[in-house]
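Student: My questions all concern the structure below.
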Amino acid sequence: MKNHLDVRRDGGTATIVIDRPPANAVDPALIDEFLEVLPGLAGDAAVRCLVIRGTGRFFVAGADIAVMRDLSEANHVRMRRWVEVQRLLELAPKPVVAAMNGHALGGGAELSLACDLRILAASATIGFPEMSLGLFPGAGGSQRLPRLLGPHRAKRLMIDGARLSAAEALDLGLVDVVAADEDFDRVVAEHAASLGARPTAAIGLLKRAVDAGSGLPVEEALEVEWKAVMELIATADAAEGLQAFLDERPPRFTGR
């Protein structure tokens with residue numbers, strides 16, 4: 001069976017390239033591949049930044065409709081594991097970039113919501129068209145989009161099945177960066193290198209603290225934060241950052 005994921009490394013950046021023509025649609029085999037490669041990359045200290053991107057005109061076009069038309073519970077349990085892929089990205093102890101080289105629709109838009117930085121090519125669109133199929137974004141979208149944009153705006157986007165231009169998505173805060181098509185690879189590489197040069201151990205702990213504390217009463221959330229701080233001050237990067245400030249020199253972070 002052909003693999004549809006290609007892992008490329010460039011220094012501290014690891015890029016997972018999705019290559020499942022014609023539209024990089026998600027099926028159980030692609031999910032299996034993600035679940036196989038992500039834990040190792042997330043746990044590899046040499047990987048300082050993780051990038052997810054597609055090929056051709058698509059980032060990810062969503063779930064494979066030929067698979068989804070099997071409405072059996074067993075089939076949808078298998079497809080539901082797309083949520084596990086997203087959770088691995090959220091929990092990765094390092095920055096994760098969604099490099100949306102092309103259209104990000106349905107499950108592709110949901111995948112991007114689990115990343116820490118969303119970069120969209122200027123000619124691409126992003127949206128949640130599931131309602132036109134009699135469905136709703138049920139692989140993370142119905143929960144992550146309201147947390148990002150607020151419940152009312154998120155519901156409107158999902159009910160309308162809106163497909164947004166890059167400029168519209170940037171204006172809403174659905175994406176963080178829009179890059180001209182001809183500059184896309186350079187912009188992604190620059191952002192990944194910049195993130196990877198930062199104290200990635202601190203970034204990982206920050207992600208965990210925000211994720212675990214979200215929705216908790218503030219007293220409990222502060223305890224989550226404190227535990228993360230105690231882990232943070234034991235890192236080499238914390239010592240390096242403070243010493244570099246005193247030495248009046250740029251810090252040299254290692255992610256440890």
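The values are calculated or read from the model by the stated rules, or taken from the named source; none is laboratory data. These numbers come from a predicted model, not from an experiment. All Cβ positions, even for glycine, are placed from backbone atoms using ideal geometry, and neighbour counts span all protein chains on display.
Student: Quick check on my filter: what residues within segment 178-211 are surrounded by fewer than 17 Cβ atoms within 10 Å (Cβ to Cβ) and either under 15 Å from residue 112 (Cβ atoms) or hydroxyl-bearing (Ser, Thr, Tyr) (or both)?
Tutor: 194
Student: Within segment 64-89, take every residue that is in contact with a Leu (Cβ under 9 Å, 6 or more places away or on another chain) and either within 20 Å of residue 17 (Cα to Cα) or among the aromatic types (Phe, Trp, Tyr) (or both) and give me the one that is surrounded by the most Cβ atoms within 10 Å (Cβ to Cβ).
Tutor: 82
Student: Please specify each residue of segment 193-223 satisfying the condition of being in a helix (DSSP H, G or I) and touching a residue at least 40 places away in the same chain (Cβ under 8 Å).
Tutor: 193, 195, 196, 200, 201, 203, 204, 205, 207, 208, 211
Student: Sticking with this one: If residue 225 satisfies all but one of (1) loosely packed, with under 14 Cβ neighbours inside 10 Å; (2) over 21 Å from the mean Cα position of the chain (by Cα), what's the number of the condition it fails?
Tutor: (1)
Student: Which one of these is of a type in the set (A, V, I, L, M), assigned by TED's automatic domain parsing to the domain that holds residue 21 and free of Cβ contacts under 8 Å to residues at least 12 places away in the same chain: 71, 148, 113?
Tutor: Of 71, 148, 113, the one residue that is of a type in the set (A, V, I, L, M), assigned by TED's automatic domain parsing to the domain that holds residue 21 and free of Cβ contacts under 8 Å to residues at least 12 places away in the same chain is 71.
Student: Consider segment 233-251. How many of its residues are of a type in the set (Asp, Glu) and either touching a strand residue (DSSP E or B) at 6+ places or on another chain (Cβ under 9 Å) or within 21 Å of residue 196 (Cβ to Cβ) (or both)?
Tutor: Number of matching residues: 2.
Student: Would you check if there is a residue in segment 154-165 being loosely packed, with under 13 Cβ neighbours inside 10 Å and within 29 Å of residue 121 (Cβ to Cβ)?
Tutor: Yes, because at least one residue in segment 154-165 is loosely packed, with under 13 Cβ neighbours inside 10 Å and within 29 Å of residue 121 (Cβ to Cβ).
Student: Residue 126 fails exactly one of the following numbered conditions: (1) surrounded by fewer than 23 Cβ atoms within 10 Å (Cβ to Cβ); (2) at negative phi; (3) not hydroxyl-bearing (Ser, Thr, Tyr). What is the number of that condition?
Tutor: All conditions are met except number (1).
Student: May I ask you to list the residues in segment 30-45 that are farther than 14 Å from residue 88 by Cα and either touching a strand residue (DSSP E or B) at 6+ places or on another chain (Cβ under 7 Å) or at pLDDT below 95 (or both)?
Tutor: Result: 45, single match.
Student: Something else: Residue by residue through segment 17-41, note down the ones that are assigned to a strand (DSSP E or B) and surrounded by fewer than 20 Cβ atoms within 10 Å (Cβ to Cβ).
Tutor: 17
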